[in-house]
1. Taking segment 61-73 only, how many residues are free of Cβ contacts under 8 Å to residues at least 40 places away in the same chain and farther than 14 Å from GLU38 by Cα?
2. Tell me which residues, restricted to segment 6-26, are among the polar types (S, T, N, Q) and under 13 Å from SER78 (Cα atoms).
3. So, of the residues in segment 74-91 that are touching a residue at least 40 places away in the same chain (Cβ under 8 Å) and among the hydrophobic types (A, V, I, L, M, F, W, C), which turns out to be farthest from LEU28 (Cα to Cα)?
4. Right, ARG62: modelled with pLDDT of 95 or more and either within 16 Å of ASN27 (Cβ to Cβ) or not assigned by TED's automatic domain parsing to the domain that holds TRP19 (or both) or not?
5. Mind checking which pairs have a first residue in segment 6-19 that is in the same structural domain as LEU72 (by TED's automatic domain parsing) and a second that is loosely packed, with under 10 Cβ neighbours inside 10 Å and aliphatic (A, V, I, L, M), Cβ under 9 Å, 6 or more apart or different chains?
6. Filter segment 54-82 down to the residues that are surrounded by fewer than 11 Cβ atoms within 10 Å (Cβ to Cβ) and farther than 21 Å from SER40 by Cα and list them by number.
Amino acid sequence: MSVDNLQELLRKFADERDWNQFHTPRNLILAIQAELGELSELVQWVPDSEMTEQWIQDNNERLQEEIADVFLYLIRLSDVLNIDLIDAASKKIDLNADKYPVALAKGNATKYTHLKESL
């Protein structure tokens with residue numbers, strides 16, 4: 001299924017329920033934030049050392065649900081704002097490649113604004 005197909009499904013879902021009135025950019029952004037909070041809550045107090053493949057498997061259903069909620073709201077937001085999500089993501093990857101050249105960024109978590117200073 002493509003992003004376009006998902007946008008159409010979400011558009012139809014909202015239309016059938018007369019929810020477009022609620023799907024303002026502000027509301028959708030807040031919904032994304034809320035769902036991201038629910039995803040964060042799943043891992044908030046789990047030390048990295050305990051986030052093993054077994055932990056991921058044991059929590060997979062909840063992880064999937066929360067990730068899907070964030071993804072679907074993001075797709076809906078991009079539709080409402082008439083943003084081509086794939087094009088925007090592709091452009092952002094190119095921009096990040098310019099900000100974080102491999103020679104400076106490899107193995108380094110420094111923000112691009114301080115990257116050259118850190119070497």
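1. 0
2. Those that are among the polar types (S, T, N, Q) and under 13 Å from SER78 (Cα atoms): GLN7, THR24.
3. Top of the filtered list is ILE86.
4. For ARG62, the condition - modelled with pLDDT of 95 or more and either within 16 Å of ASN27 (Cβ to Cβ) or not assigned by TED's automatic domain parsing to the domain that holds TRP19 (or both) - is not met.
5. Here the result reads LEU9/MET1, each pair linking segment 6-19 to a residue that is loosely packed, with under 10 Cβ neighbours inside 10 Å and aliphatic (A, V, I, L, M).
6. ASN82
Every residue, every condition in (1) under 26 Å from VAL3 (Cβ atoms); (2) in contact with a Phe, Trp or Tyr (Cβ under 9 Å, 6 or more places away or on another chain); (3) at pLDDT below 95, yes or no:
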| site | (1), (2), (3) |
| --- | --- |
| ALA14 | yes, yes, no |
| PHE22 | yes, no, no |
| ASN27 | yes, no, no |
| LEU39 | yes, no, no |
| GLN57 | no, no, no |
| ALA68 | yes, no, no |
| ASP94 | yes, no, no |
| ALA105 | no, yes, yes |
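The values are calculated or read from the model by the stated rules, or taken from the named source; none is laboratory data. This one's a predicted model, so the numbers in the text were calculated from it and none came from an experiment. Using ideal geometry, Cβ is built from the backbone for each residue, glycine included, and neighbour counts are taken over all protein chains shown.
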